[in-house]
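S.K.: After the structure tokens below, expect a handful of questions from me.
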Amino acid sequence: MTSYNQLSTYKQEDYLEIEILKYLQKVHQPVTRPQMINYLITNVENIPNDALKIVISKKTRRPYQPFKNRVSFALTSLYKAKLIKRPSRGITELSKLGKNVNPNNTKYIHDLVMKGWRI
């Protein structure tokens, strides 16, 4: 696979969606966003250890972390696809559909995400 940093923004989100589903299916419990980000950085081989580096926005001149933005968009996409639930602020858990989906079926997941964004 191509390095995470060499993927386009959309491909990074697609990749994170799959890795988030795999993680949630593995832990079988609600998780916080910091727990999820920590897991992704320390346990997913293609995500570099320096993923949380701070970048200065060219437009606003404010610092931000692109990796956290990608995770946020991936979570929103999974939510719109009805694969995850957000029972309270900052907490993410699998929905019934998310528990039963095969994370290796990337085309099906991508189709669900795209359908979720169109609704």
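S.K.: What ranking, highest mean first, results for peptides 80-87, 24-31 when packing means the other Cβ atoms within 10 Å averaged over each residue?
M.R.: Going from most to least packed, we get 80-87, 24-31.
S.K.: Rounded to a whole number of µm²/s, how large is the Stokes-Einstein D of region 1-77 at 20 °C and 1.002 mPa s, given Rh as the Kirkwood radius over C-alpha pairs?
M.R.: 164
S.K.: Which value, in debye to the nearest 20, gives the size of the charge dipole of the chain about its Cα centre, when Lys and Arg are +1 and Asp and Glu are -1 at the Cβ?
M.R.: 560
S.K.: Now for a separate question. In terms of Cα to Cα distance under 29 Å, which lysines are near enough to LYS85, apart from those fewer than 8 places away along the same chain?
M.R.: Reachable lysines: LYS11, LYS22, LYS26, LYS53, LYS68, LYS96, LYS99, LYS107, LYS115.
S.K.: Moving to a separate point now. Can you list the residues, at least 5 places off or on another chain, whose amide H is less than 5 Å from the amide H of ILE84, using H built in the peptide plane?
M.R.: Residues meeting the amide H criterion: TYR79, SER95.
S.K.: May I have the extent of the alpha carbons of region 39-106 along their three principal axes, as whole Å values ordered from largest to smallest?
M.R.: 42, 27, 20
S.K.: Give me the net charge for the shell around TYR4: Cβ to Cβ below 12 angstrom, other residues only, Lys and Arg +1, Asp and Glu -1.
M.R.: -3
S.K.: Continuing with the same structure: Counting helices only, and only those DSSP H runs with n ≥ 4, report the 222 nm mean residue ellipticity of the chain as the sum of -39,500 (n - 2.57) divided by its residues, in deg cm²/dmol to the nearest 500.
M.R.: After summing the helix terms and dividing by the residues of the chain, the value is -16500 deg cm²/dmol.
The numbers here are math on the coordinates, done by the rules we state, and not lab data. Predicted model only: the values in this text are computed from it and were never measured. With ideal geometry, Cβ positions are generated from the backbone for all residues, glycine too; neighbour counts draw on all protein chains shown.
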